[in-house]
Structures are given as C-alpha cells and as structure tokens.
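Below is one structure; the comments refer to it alone.
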Amino acid sequence: MKLEMKDSPGQLVAALKPISEVGGNIIAVIHQREPDLDGDMLNVQIVLELPEGRLENLVVLLQEQGVHIQRIGEERLLYKRTVIMIGHLMHTDLSDTVDQIDTTGFAEVSELAMSMPAVNARSSSRITIKAASKNDMEAAIAILRRVSEQKSLLLIEPLEEIS
C-alpha cells in the first residue's frame, strides 16, 4: 500500500495500528520526506500480508484515521537498473554481494544472469536491481561500488538516468 498522511507526531503509529487490528502482518515500512510534496504531508509505503477478506475493513479503518490510500497492490519497488559485474564472482561469494542489496529493505536483486567460462577464469554477471525510490537506487548502487572495490570486481554501470 502507498499511503499519504499528515506529517505529525503519532500519525504513522496511528496508521499502522489498524493493520494489526485486522490481523495483518507488516513486512516493511518505507517512508521518506519528498521535497515536491506539501511540507505537512508524508508518503508511506507499507508491504503487508492480510488474511483473506480483511482488506475492505482495513481501508475503512485507515480512512477513519485520516489516511489517504494512494495505491493498493502495486509493486513497491518502482525503480529498476541493470549493471554488469566482472571478476571472480563465485570465489568472492556472489551470494554475499546479493545479500548486501537484499537486506537493505529498500532494494533487491530481481534478476541475475551469469557466465562462467572456466573454473579459474573471471566470470561476468548481469544484475538487475529494483528499489523503492531514486535515492534508494543510488544507495544500492553505492553498495555495489563499495563491494566491487573490496572484492576487486569491475562494475559497469549504465549511462542513462535511473528510471
């Protein structure tokens, strides 16, 4: 869900409470102050699980709290970027590299394709990352830059803007 609410003390907690009241489970909460929004409003993305048949009740409870529901059921990771990594990816623990993105809560590796010409030769991987916002995507790419430097890998980034 993507919600819009007043940016005032206690408002986020008030918006989250109805989720537990209907038996829901909150998986992630992402909120950022966006400069193009009215200064007293806040956008919040919530990833949650709900028992079947409880969504309508949740919507009513949120509206009673003064929360505006902007989107329900759409993918939260809206920004996508693909990079290439070259080097000894398996020997430097590719799963660790992926985990450093996936554990952020705001970005994840959504696709990974790998070519390994020989056991001791350098391999290459095409990695697609999805993130919740442009800033989150930049943070995820910064993690890959740091990991690439630490593991002596070549990171090839696209020249286009994040979209």
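The values are calculated or read from the model by the stated rules, or taken from the named source; none is laboratory data. None of the values given here were measured: they were computed from a predicted structure. Cβ: placed from backbone, ideal geometry, glycine included. Neighbour counts: every protein chain shown. Areas reflect the complete protein model, heavy atoms only, side chains present, ligands, DNA and RNA absent. Shrake-Rupley method; radii C 1.70, N 1.55, O 1.52, S 1.80 Å.
So the values come out like this:
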read-out: Every residue from region 66-96 that is modelled with pLDDT of 85 or more and charged (D, E, K, R); value: Lys80, Arg81, Asp93, Asp96
read-out: Evaluation of Arg145 against (1) in a helix (DSSP H, G or I); (2) open to solvent by less than 80 Å² (accessible area, probe 1.4 Å) (one fails), failing number; value: (2)
read-out: Unique residue being in contact (Cβ under 8 Å) with a residue 60 or more places away in the chain and over 30 Å from Gly10 (Cα atoms) when the list is Ile143, Ile72, Ile101, Ile84; value: Ile84
read-out: Residues within region 77-98 that are in contact with a helix residue (DSSP H, G or I) (Cβ under 7 Å, 6 or more places away or on another chain), under 14 Å from Leu155 (Cβ atoms) and not in a helix (DSSP H, G or I), tallied; value: 3
read-out: Hey, Pro18 at pLDDT 85 or above, out of contact with any strand residue (DSSP E or B) (no Cβ under 6 Å at 6 or more places or on another chain) and part of a loop (DSSP other than H, G, I, E, B) or not; value: no
read-out: Only listed residue being open to solvent by less than 80 Å² (accessible area, probe 1.4 Å), among the small types (Gly, Ala, Ser), within 16 Å of Arg81 (Cα to Cα) and without any contact (Cβ under 8 Å) to a residue 60 or more places away in the chain, chosen from Ser125, Ser115; value: Ser125
read-out: Restricting region 97-108 to residues that are surrounded by fewer than 19 Cβ atoms within 10 Å (Cβ to Cβ) and not charged (D, E, K, R), the residue that is modelled with the lowest pLDDT; value: Gly105
